[in-house]
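Below is one structure; the comments refer to it alone.
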Amino acid sequence: MLSKLRLAIRNDLEAEAEQRTFGSGWLSGVLALVLGGSALLMLLAHHYPAWFSVEDLKRVHDSPFYMVGVQAMAFVAFGLACLNLTLRRNKILGFSAIALVLLTMTLGAIGAQTIPGEGIGFGVDWFVLNLLMKGLLFVPLEKLFSGNKPQPLFRYEWREDLLYFLISSLLIQIMAFISLAPSLAVLEHAALWQPLRDAVASQPYVVQFIELMLIADLMQYGFHRLFHSVPFLWRFHAVHHSAQAMDWMAGSRMHLFEILALRGVTIIPLYALGFEENALYGYIFFIYLVSAFVHANIRFDDRWIAPFIVTPRFHHWHHGIEKEAIDVNFAVHFPWIDRLFGTYYLPDDKWPSGYGIGGHPVPKGWLEQFAYPFRRGKPNPPAS
Ligand SMILES: [Zn+2]
Ligand SMILES: [Zn+2]
């Protein structure tokens, strides 16, 4: 029953282009479903914060606008669902959205109070905010700037990437806790270089921000290259490169252990050098957006800026299926780091013809991919 419903929803989300035109009720159905689901999850996080909310979003929950926002989302979802039911013959999206709104109302009625207690703190609220924020920003941009390669929103393997997006959002607090451990161990000795830390923190915000970009990118460059050149590490990173469709969500496809290792190491100097907290957190937020941006299907004439800053086309070449795209363009902010180390590849105006690893050795599915690096067998040779 549930799998039939899932399939029916999926079929309508992935409908042919002529059934997705403006006025077909498709867009209202998708928006109703997203907003209905968001309202339900945000309410769940609000009532059971110990389990479904992250500490850093406490201020958002305390705001008097939080519940107004949840109610507004449910209200708009209901309106859009009605529009879908009126316009569209296939009414699965509208009815599902109404079911979500009803569930939200029921939960609102029965769980009128916040339930305290101990829990793990899954980032349910962070998942919704992250999805809405990036979706609102990148979906229109990809629609406007997809050049001659437009791509449906629910493209090849979108469910797999959404699952990656969901899991890494849910685990954000736990992952932050683990990946901060090495930095905190280093910080215990920070008194030894306190004068340097004071000097770093006293610089203007903009200078600190640029330094953060520079240091993080240099660290990331070295680490990223290591993951390409050591066969055992490559099997973790191959999961990221298994994406055959690129958009703002494709970058979420990353093995959990790679995220932990990458964050745990690259963040050490950022903490150790004593950057001011606002600059550091500002940068962490910025890198969230940058990683979505460089994977996005946003195509514009980037020749004027591509030599100075990483553009989507630069990182798409890192994922390209072509031979020339193997082991190039490791940087995430500054392309000249790749020039410096001889790994730069950016042919004028051209985009890769496809994405992924030659022969596509990585299995499908989150669990299969989680187990992939640990499976016996000859490691695949590092490729792009
Ligand atoms: Zn890579
Ligand atoms: Zn990537």
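Listing for the model above:
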item: Residue check for ALA216: within 16 Å of ligand 2 (Cβ to nearest atom), within 24 Å of ASP56 (Cα to Cα) and of a type outside the set (Ser, Thr, Tyr); result: yes
item: Count of the stretch 243-274 residues which are away from ligand 2 (no atom under 12 Å from the Cβ) and either on the phi < 0 side of the Ramachandran plot or in contact with a His (Cβ under 8 Å, 6 or more places away or on another chain) (or both); result: 19
item: So PHE223, is it in contact with a helix residue (DSSP H, G or I) (Cβ under 8 Å, 6 or more places away or on another chain) and surrounded by fewer than 16 Cβ atoms within 10 Å (Cβ to Cβ); result: no
item: Exclusive hit being under 22 Å from the mean Cα position of the chain (by Cα), over 19 Å from GLY147 (Cβ atoms) and β-branched (Val, Ile, Thr), set VAL294, VAL332; result: VAL332
item: Whichever residue in the stretch 300-324 is farther than 18 Å from SER353 by Cα and either part of a helix (DSSP H, G or I) or β-branched (Val, Ile, Thr) (or both) and, among such residues, is nearest to ligand 2 (Cβ to nearest atom); result: VAL310
item: Inter-residue pairs, beta-carbon under 6 Å, first acidic (Asp, Glu) and in the stretch 319-345, second within 13 Å of ligand 1 (Cβ to nearest atom) and not in a loop (DSSP other than H, G, I, E, B), 6+ apart; result: ASP327/HIS228
item: Single unsatisfied condition, LEU256 versus (1) within 15 Å of ligand 1 (Cβ to nearest atom); (2) under 20 Å from LEU166 (Cα atoms); result: (1)
item: Inter-residue pairs, beta-carbon under 7 Å, first in contact (Cβ under 8 Å) with a residue 60 or more places away in the chain and in the stretch 355-368, second in a loop (DSSP other than H, G, I, E, B) and β-branched (Val, Ile, Thr), 6+ apart; result: TYR355/ILE321; GLY356/ILE321
item: Where a residue in the stretch 222-243 is under 18 Å from GLY365 (Cβ atoms) and its partner, wherever it lies, is among the polar types (S, T, N, Q) and more than 9 Å from ligand 1 (Cβ to nearest atom), with Cβ under 8 Å and at least six apart; result: ARG235/ASN380; ALA238/ASN380; VAL239/GLN369; SER242/GLN369
item: Answer residue from the stretch 14-62, given it is in a loop (DSSP other than H, G, I, E, B) and polar (S, T, N, Q) and is farthest from PHE78 (Cα to Cα) among those; result: SER53
item: Count of residues meeting criterion [more than 12 Å from ligand 2 (Cβ to nearest atom) and part of a loop (DSSP other than H, G, I, E, B)] in the stretch 219-242; result: 1
item: Options ALA216, ALA245: the member that is outside any helix (DSSP H, G or I) and buried (at least 17 other Cβ atoms within 10 Å of the Cβ); result: ALA245
item: Helices (runs of 4 or more DSSP H) completely within the stretch 100-203 that count 1 or more residues being farther than 30 Å from PRO363 by Cβ and out of contact with any strand residue (DSSP E or B) (no Cβ under 6 Å at 6 or more places or on another chain); result: 124-144, 172-187, 194-201
item: The stretch 289-325, residues that are within 16 Å of GLN244 (Cα to Cα) and surrounded by fewer than 15 Cβ atoms within 10 Å (Cβ to Cβ); result: LYS323
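Table: residues versus (1) among the aliphatic types (A, V, I, L, M); (2) closer than 30 Å to PHE52 by Cβ; (3) outside the structural domain of GLY320 (by TED's automatic domain parsing).
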{"residue": "ASN148", "(1), (2), (3)": "no, no, yes"}
{"residue": "PRO152", "(1), (2), (3)": "no, no, yes"}
{"residue": "LEU163", "(1), (2), (3)": "yes, yes, yes"}
{"residue": "ALA190", "(1), (2), (3)": "yes, no, no"}
{"residue": "LEU196", "(1), (2), (3)": "yes, no, no"}
{"residue": "VAL206", "(1), (2), (3)": "yes, no, no"}
{"residue": "MET213", "(1), (2), (3)": "yes, no, no"}
{"residue": "PHE227", "(1), (2), (3)": "no, no, no"}
{"residue": "ARG235", "(1), (2), (3)": "no, no, no"}
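The values are calculated or read from the model by the stated rules, or taken from the named source; none is laboratory data. All of these numbers come straight from a predicted model, not from anything done at the bench. Don't worry about glycine lacking a Cβ; one is built from the backbone with ideal geometry, like all the others, and counts go over all protein chains shown.
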